[in-house]
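All remarks here apply to the structure that follows.
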Ligand SMILES: Cc1cc2nc3c(=O)[nH]c(=O)nc-3n(C[C@H](O)[C@H](O)[C@H](O)COP(=O)(O)OP(=O)(O)OC[C@H]3O[C@@H](n4cnc5c(N)ncnc54)[C@H](O)[C@@H]3O)c2cc1C
């Protein structure tokens with residue numbers, strides 16, 4: 001029995017061009033040195049915005065991985081079974097080199113091009129980005145062991161995804177994971193108790209556990225274990241060189257708040273075969289080269305979630321009507337949307353600027369110094385802003401946003417994760433202070449970047465002067481670290497937008513972020529160009 005007509009519901013945001021509908025991204029791509037990738041990204045944006053791809057993202061999350069620890073006969077096999085859509089996402093990301101391009105493509109801007117692709121793919125599905133990121137990030141750390149790098153880097157940068165659990169030499173491409181966190185300590189990895197026993201042939205056997213090991217179906221892992229000389233970095237393959245399953249046992253998969261497509265496991269090493277990477281006792285120093293790159297991806301990943309949530313909010317309010325007009329036409333909704341759009345653009349702009357520092361850092365020490373500190377500053381701030389942004393965007397879509405099948409719930413559950421892993425908020429703020437102390441070039445490099453925007457806006461000039469004062473009071477710096485890092489991040493974002501964004505964006509950002517602040521979105525003052533800000537963020541903009 002038909003009781004009513006369905007009216008005033010919003011058409012799904014799908015079969016759209018995710019790249020061309022993102023004006024700010026297209027501008028940033030050119031600005032940060034990867035304008036040459038525009039055509040490729042246009043094609044990729046069609047793919048990521050297609051109904052088919054978005055459906056794969058949904059299916060991969062609605063059908064989370066299952067651990068098959070044993071086979072039917074009781075043999076330990078440590079297999080993780082994924083939905084075909086997860087494999088499709090992995091296959092796509094690897095085919096486009098989201099895990100490898102900066103290492104295989106000797107072209108200025110290849111990191112920026114890569115993160116722009118990741119930014120789009122993350123809007124389809126974030127969970128599979130975990131092994132993609134780790135596979136990408138392991139390459140710099142492997143340079144500490146040139147012989148291992150020679151064997152493994154070609155496998156890890158190959159683009160033909162191969163999900164089989166079989167020895168690496170038989171595969172068309174391999175993936176990498178990272179296992180540091182133990183039960184008694186994640187931030188403080190010096191508390192690791194896993195032991196590494198040296199063998200006469202120069203290899204090691206590991207005994208102990210890891211409390212978190214995401215993507216345990218990867219082919220190889222970097223891990224930390226204690227030797228007589230202290231915490232050391234090791235490479236642990238899933239199969240030993242003798243062709244046996246390595247004694248790295250997946251105990252169970254974590255039942256998590258979000259990130260459902262990604263298997264995060266607890267593992268045990270029962271005399272697992274391992275090869276040393278880097279010097280004994282210098283494990284943290286070695287694996288940090290991997291962590292720096294995963295932190296860059298945390299920034300991009302958070303910006304990506306923010307963008308998808310804001311795009312959906314703008315799209316929804318553009319169609320949904322209440323009290324006689326479209327939601328997007330109501331003054332207070334305009335305020336919320338414009339504010340969200342600013343936050344999302346500032347996050348993306350900072351992420352792409354950071355990526356350029358990684359590109360330039362290949363040959364420029366100043367860019368490396370900037371990347372060192374700016375990665376931590378950006379990781380703290382962008383990842384912290386993500387949950388608040390996604391939540392507010394969800395609210396723009398009303399009750400539908402809270403319903404599972406609408407898609408916002410998945411973004412919301414995913415939103416806090418980038419701030420937790422790869423160094424949680426406090427740890428990252430302390431890392432900013434560590435960079436200032438241990439890498440004396442890093443703060444001056446950041447100050448040079450900030451200096452480039454001076455003289456254009458007195459509110460910005462005031463913030464930079466205030467920051468200089470705040471950094472001079474070193475005695476209470478640890479206590480004030482969050483407050484200082486927040487301001488550093490805002491100054492960095494403002495410096496990019498003041499120099500490069502349209503005036504209405506820069507002015508709104510400076511007015512609302514460097515002036516009087518409010519706890520919630522949607523409290524911008526009058527006089528800003530609300531319509532232009534929203535139009536710029538519209539996913540279906542011409
Ligand atoms: C879904 C998921 C997947 C993960 N995958 C992996 C993985 O693949 N490999 C891996 O190694 N790890 C992984 N992790 C673990 C993650 O990196 C750790 O949870 C994280 O580093 C925090 O460590 P912890 O859980 O031991 O918390 P703790 O170290 O106990 O920290 C708890 C809190 O204390 C704060 N804190 C710590 N030290 C200080 C200090 N000196 N001053 C002030 N505050 C401080 C932290 O910022 C944090 O907020 C994963 C985590 C999650 C949630």
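Return yes or no: is residue 310 assigned by TED's automatic domain parsing to the domain that holds residue 411, out of contact with any helix residue (DSSP H, G or I) (no Cβ under 7 Å at 6 or more places or on another chain) and within 30 Å of residue 374 (Cβ to Cβ)?
No.
May I ask you to say which residue of 399, 423, 351 is outside any helix (DSSP H, G or I), under 30 Å from residue 61 (Cβ atoms) and modelled with pLDDT of 95 or more?
423
Which residue pairs have Cβ atoms under 9 Å apart, sit 6 or more places apart or on different chains, and have a first residue in the stretch 420-434 that is without any contact (Cβ under 8 Å) to a residue 40 or more places away in the chain and a second that is outside any loop (DSSP other than H, G, I, E, B) and more than 6 Å from the ligand (Cβ to nearest atom)?
Close Cβ pairs satisfying both conditions: 420/383; 434/376.
Could you grab me the full set of residues in the stretch 204-224 that are touching a helix residue (DSSP H, G or I) at 6+ places or on another chain (Cβ under 7 Å) and closer than 16 Å to residue 164 by Cα?
Once the filter is applied, which keeps residues that are touching a helix residue (DSSP H, G or I) at 6+ places or on another chain (Cβ under 7 Å) and closer than 16 Å to residue 164 by Cα, the stretch 204-224 yields 215, 218, 219, 220.
Among the residues that make up the stretch 298-320, is at least one of them surrounded by fewer than 24 Cβ atoms within 10 Å (Cβ to Cβ), touching a residue at least 24 places away in the same chain (Cβ under 8 Å) and within 16 Å of the ligand (Cβ to nearest atom)?
no
Condition check ((1) free of Cβ contacts under 8 Å to residues at least 60 places away in the same chain; (2) within 16 Å of the ligand (Cβ to nearest atom)) across all residues:
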{"position": "402", "(1), (2)": "yes, no"}
{"position": "464", "(1), (2)": "yes, no"}
{"position": "468", "(1), (2)": "yes, no"}
{"position": "477", "(1), (2)": "yes, yes"}
{"position": "490", "(1), (2)": "no, no"}
{"position": "497", "(1), (2)": "no, no"}
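Residues of the stretch 402-420 being assigned to a loop (DSSP other than H, G, I, E, B) and within 29 Å of residue 189 (Cα to Cα), which ones?
Selection gives 415, 416.
Evaluate the following for residue 380: is it in the same structural domain as residue 530 (by TED's automatic domain parsing), more than 22 Å from residue 49 (Cα to Cα) and within 16 Å of the ligand (Cβ to nearest atom)?
yes
Checking residue 242 against (1) surrounded by fewer than 22 Cβ atoms within 10 Å (Cβ to Cβ); (2) assigned to a strand (DSSP E or B): exactly one of these is not met. Which one?
(2)
Which of the residues belonging to the stretch 210-261 are within 9 Å of the ligand (Cβ to nearest atom) and within 17 Å of residue 182 (Cβ to Cβ)?
210, 211, 212, 213, 214, 216, 221, 223, 224, 254 - these are the residues of the stretch 210-261 that are within 9 Å of the ligand (Cβ to nearest atom) and within 17 Å of residue 182 (Cβ to Cβ).
Among the numbered criteria (1) part of a loop (DSSP other than H, G, I, E, B); (2) within 16 Å of residue 91 (Cβ to Cβ), which single criterion is violated by residue 135?
(1)
Give 208, 202 a once-over and let me know the one that is at positive phi and either in a strand (DSSP E or B) or buried (at least 23 other Cβ atoms within 10 Å of the Cβ) (or both).
The match here is 208.
Which of the residues spanning the stretch 166-192 are in a loop (DSSP other than H, G, I, E, B) and out of contact with any strand residue (DSSP E or B) (no Cβ under 6 Å at 6 or more places or on another chain)?
Hits for the stretch 166-192 are 166, 171, 172, 173, 174, 175, 184, 186, 187, 188.
Just to be sure I understand, how many residues within the stretch 364-395 are over 13 Å from the mean Cα position of the chain (by Cα) and under 11 Å from residue 296 (Cα atoms)?
Matching residues across the stretch 364-395 total 4.
Yes or no: residue 108 under 22 Å from residue 29 (Cβ atoms), away from the ligand (no atom under 16 Å from the Cβ) and surrounded by fewer than 24 Cβ atoms within 10 Å (Cβ to Cβ)?
yes
Taking the stretch 160-195 as the search range and keeping residues that are in contact (Cβ under 8 Å) with a residue 60 or more places away in the chain and away from the ligand (no atom under 16 Å from the Cβ), which one is surrounded by the most Cβ atoms within 10 Å (Cβ to Cβ)?
Once the filter is applied, the top-ranked residue is 173.
The values are calculated or read from the model by the stated rules, or taken from the named source; none is laboratory data. The structure presented is a predicted model; accordingly, all values stated were derived computationally and were not measured. Ideal geometry is used to build each Cβ from the backbone, glycine not excepted, and the neighbour counts take in all protein chains shown.
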